[in-house]
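Chemist: I'd like to ask you about the structure that follows.
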Amino acid sequence: MNAQLPSPLVPEKLYADRIKVQPMAVHGGARRAKWIILVLCLTIYYALPWIRWNRGPHVPDQAVLLDIWDRKFYFFSIELWPQDIYLLTGFLIVAALALFLATAMFGRVWCGYSCPQTVWTDLFLLVERWIEGDRNARMKLDAAPMTRSKALKRTAKHLIWLGIAFWTGGAWIMYYVNAPTVVAEFWTGRADVSVYLFTFLFTATTYLLAGWAREQVCTYMCPWPRFQSSMFDEQTLIVTYQGWRGEPRRHGRRDPSAVAVGDCIDCGACVHACPTGIDIRDGVQLECIGCGLCVDACNHVMDKSGGKPWLITWDTLARQQAKAQGRTVPLQLLRSRTMLYATLLLTGILVLGFALIARSRFDVTVLHDRAPLFVRLSDGSLRNGYTIKLANKRPEPGVFSVRVEHLPDARLALGDSPQASDASVIIRVDSDSVGEARLLVQATQADLHDGSMEFYFVVTNTETGDETRYESRFMGPGSR
Ligand code: SF4
Ligand code: SF4
């Protein structure tokens, strides 16, 4: 006998069809803030690679440049070498802590206002609205058969989208190569094939994510909504529908059937304005990006219908619960969770700032010769060979003095001199480059313990006085 599962356990389809979201245009404070942030973010993004920054000769003059070929990153007057990569890690940790703090205090402000997906989707929607009209007109156009006018509108929209996507993808490349050069090379066909490849890749990504995928990125692709809920608590300021005020809903301002009615007239404006297509009245949802456009939409409706504004507002769940019981409780932005994030953030900023200021402007690495480990000279002394690499991170040429410490009566020489006779040697390194020299160290066997001895190379920038030590080993007979 075939046992049949109860029908609620057998879904008709494993995947729900996408319901196209056609957000309605709204006006209000949240929308204005979003426009301002959008203009600010886009201006910074497109303009930054064109800002010049004089760093002296032989160094790129682009203010922000991620020169992965030369393995150097430039941020205005900060220059990061591969050895400084920990600073980049520190910066990412500080950025993450800032995001945690902002989320714990104000919910998903990052998602709703400054996430690139939000910013570019808003821009693409602006184009769509400009060509195809607002929500109702676009829905009508979607349902209408293909006509010449519809085809023209669709073509214009996609061409402008592609133009923006290309501009965006091209700007991204300019962060990695000198902007004026790459633009000239791009249009004359002289740019590297990787430039064309990555421009195409970022153009396609922008076009698909902002034009087609839109809210699907926030709902299904982005991991942030999944774990940002762990930063929320009942004191986090989020976009909230004040159900205690809005319910029970009525249908229109003069609903004759309404007996005890709330402020919500069930007009659906908040749902129509939502870029992720959800109904904020259903409570806190993963899809809500905290943009506040439903607040603007509802305020507009309330304004028009003579109702009290801020039925949808920014508030905490704790305050809402209290209000529903006729009580008021204060806003608690400062609490143990936010204070912990703030302390960690402040500590991170201080440590990062200190590391940035205190970092050495030159780096030293020394390699002992693999073979021979030592050479015995005619006077009985021992000589070891080393290769010293000096990274001069300053925009001026550097003159470095090298001496040794903890190796009695040691003598130094550069190159392949038969005898090392100086207490120190001088190495010159060009600005912003790595100098390499062969270094000979001569010492007597009597000073060695167990056939070898640890000592330090002490390198001093003769102009700035900056000094660094590098531990090494002097080898003799019997050493391992
Ligand atoms: S529910 Fe409101 S705040 Fe949340 S995404 Fe939709 S419009 Fe934005
Ligand atoms: S916009 Fe305001 S009044 Fe209209 S359905 Fe949404 S909550 Fe209710």
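Each value in this text was obtained by applying a stated rule to the coordinates, not by laboratory testing. Given the structure is predicted, the values throughout are model-derived calculations rather than measurements. With ideal geometry, Cβ positions are generated from the backbone for all residues, glycine too; neighbour counts draw on all protein chains shown.
Chemist: Of the trypsin sites (Lys or Arg not before Pro) in region 58-111, which ones lie in a loop per DSSP and count no more than 16 other C-beta atoms within 10 Å? Walk me through the numbers before you get to the answer.
Modeler: On the way: sites: Arg71, Lys72, Arg108; in loops: Arg71, Arg108.
Answer in residue order: Arg71.
Chemist: Right, another one. Do me a favour and compute the ellipsoid semi-axes for the chain from its Cα gyration tensor, root of five times each eigenvalue, largest one first, whole Å.
Modeler: Details: eigenvalues 826, 165, 91 Å².
Here the semi-axes work out to 64, 29, 21 Å.
Chemist: While we're looking at this one, here's another question. Is there a quick way to get the dipole size of the chain? I mean about its Cα centre, with the Cβ of Lys and Arg at +1 and of Asp and Glu at -1; what is the value in debye to the nearest 20? Spell out each step's value before the answer.
Modeler: Details: 51 positive and 45 negative charges, 466 e Å.
Dipole magnitude for the chain comes out near 2240 debye.
Chemist: Calculate the spin-label point distance for Ile93 paired with Lys323, positioning each point 7 Å from the Cα along the beta-carbon direction, and give it in nanometres.
Modeler: Modelled inter-label distance: 4.0 nm.
Chemist: Follow-up question, since we're still on this one. Considering the options Cys115, Tyr86, His158, tell which one lies farthest towards the positive end of the dipole of region 29-222, charges being +1 on Lys and Arg and -1 on Asp and Glu at the Cβ, about the Cα centre.
Modeler: Of the listed residues, the answer is His158.
Chemist: What does the net charge come to around Leu412 if you take all other residues with beta carbon closer than 11 Å to its beta carbon, with K and R at +1 and D and E at -1?
Modeler: Numbers: positive: Arg383, Arg403, Arg411; negative: Asp422.
The answer is +2.
Chemist: Taking 7 Å along the Cα-to-C-beta vector as the label spot, tell me the Trp212-Arg335 distance in nanometres, rounded to one decimal.
Modeler: 4.3 nm
Chemist: Could you name the aspartates and glutamates in cross-link range of Lys393, using Cα to Cα under 16 Å and dropping any fewer than eight places away on the same chain?
Modeler: Answer for Lys393, where 16 Å is the Cα cut-off: Asp61, Asp67, Asp70, Glu79, Asp84, Asp363, Asp430, Asp432, Glu436, Glu463, Asp466, Glu467, listed by chain and number.
Chemist: Ok, one more. Ranked by Cβ crowding within 10 angstrom, fewest neighbours first, how are Met105, Met174 ordered? Don't skip to the end; give the middle numbers.
Modeler: Working: Met105 20, Met174 23.
Fewest-to-most ranking of Met105, Met174: Met105, Met174.
Chemist: Can I ask one more? Of Lys140/Lys308; Lys34/Lys72; Lys13/Lys140; Lys20/Lys153, which sit over 23 Å apart, Cα to Cα? Spell out each step's value before the answer.
Modeler: Details: Lys140/Lys308 33 Å; Lys34/Lys72 34 Å; Lys13/Lys140 28 Å; Lys20/Lys153 18 Å.
Violating the 23 Å Cα-Cα cut-off are Lys140/Lys308; Lys34/Lys72; Lys13/Lys140.
Chemist: Continuing with the same structure: Taking the dipole about the Cα centre of region 29-222, with the C-beta of Lys and Arg at +1 and of Asp and Glu at -1, give me whichever of Pro60, Thr181, Trp212 is farthest to the positive side.
Modeler: Farthest towards the positive end: Trp212.
Chemist: Separate question: Using θ = phi - 60° and the Karplus curve 6.51 cos²θ - 1.76 cosθ + 1.60, what whole-Hz ³J(HN,Hα) does each residue of region 75-85 get, with Gly and Pro shown as x?
Modeler: 10, 6, 8, 8, 10, 10, 9, x, 5, 9, 4
Chemist: Same structure, new question: At most 13 other Cβ atoms within 10 Å and a DSSP loop assignment: could you name the GluC sites (Glu not before Pro) in region 400-480 that fit? Walk me through the numbers before you get to the answer.
Modeler: On the way: sites: Glu405, Glu436, Glu454, Glu463, Glu467, Glu471; in loops: Glu463.
In loop regions of region 400-480 (DSSP not H, G, I, E or B), the sparsely surrounded GluC sites (Glu not before Pro) are Glu463.
Chemist: Given the -39500 (n - 2.57) contribution per DSSP H run of 4+ residues, what per-residue ellipticity at 222 nm results for the chain, rounded to the nearest 500 deg cm²/dmol? Please report the intermediate quantities before stating the final value.
Modeler: On the way: 13 runs with 175 residues, N = 480.
After summing the helix terms and dividing by residue count, I get -11500 deg cm²/dmol.
Chemist: Now for a separate question. What are the trypsin sites (Lys or Arg not before Pro) within region 302-336 that DSSP puts in a loop, where the Cβ has at most 12 other Cβ atoms within 10 Å? Numbers along the way, then the final one.
Modeler: On the way: sites: Lys304, Arg319, Lys323, Arg327, Arg335; in loops: Arg327, Arg335.
In loop regions of region 302-336 (DSSP not H, G, I, E or B), the sparsely surrounded trypsin sites (Lys or Arg not before Pro) are Arg327.
Chemist: Would you order Phe354, Phe124, Phe198 from fewest to most other beta-carbon atoms within 10 Å of each residue's own beta-carbon? If you can, show how the numbers build up before the last one.
Modeler: Values: Phe354 10, Phe124 22, Phe198 16.
Lowest to highest Cβ neighbour count: Phe354, Phe198, Phe124.
Chemist: To continue, here is another question. Rounded, prolate or oblate: which fits region 29-222, taking a ≥ b ≥ c as square roots of the Cα gyration tensor eigenvalues, rounded meaning a/c under 1.5, else prolate when a/b beats b/c? Please report the intermediate quantities before stating the final value.
Modeler: Details: a/c = 2.54, a/b = 1.44, b/c = 1.76.
Cα axes put region 29-222 in the oblate bin.
Chemist: May I ask for the distance between the Cα centers of region 63-123 and region 163-189, given as a whole number of Å?
Modeler: 21 Å
Chemist: Still on this structure, please answer the following. Among His368, His272, rank each residue by its count of other Cβ atoms within 10 Å, from fewest to most, as a rough exposure measure.
Modeler: Values: His368 15, His272 20.
Arranged by neighbour count, lowest to highest, His368, His272 become His368, His272.
Chemist: Another question about this same structure. Would you work out which of Ser452, Leu350, Cys267 lies farthest towards the positive end of the dipole of the chain? Charges go on Cβ: Lys and Arg +1, Asp and Glu -1.
Modeler: Comparing the listed Cα positions along the dipole, Cys267 ranks first.
Chemist: I've got another one for you. How many nm is it between the label spots at Lys140 and Lys389, if each spot is 7 Å from the Cα in line with the beta carbon?
Modeler: 6.9 nm
Chemist: When ranked by the protection proxy of mean other Cβ atoms within 10 Å per residue, highest first, what sequence do the peptides 94-102, 437-445, 149-157, 128-136 form?
Modeler: Details: 94-102: 17.4, 437-445: 19.0, 149-157: 13.3, 128-136: 15.9.
Per-residue mean Cβ counts within 10 Å order the peptides as 437-445, 94-102, 128-136, 149-157.
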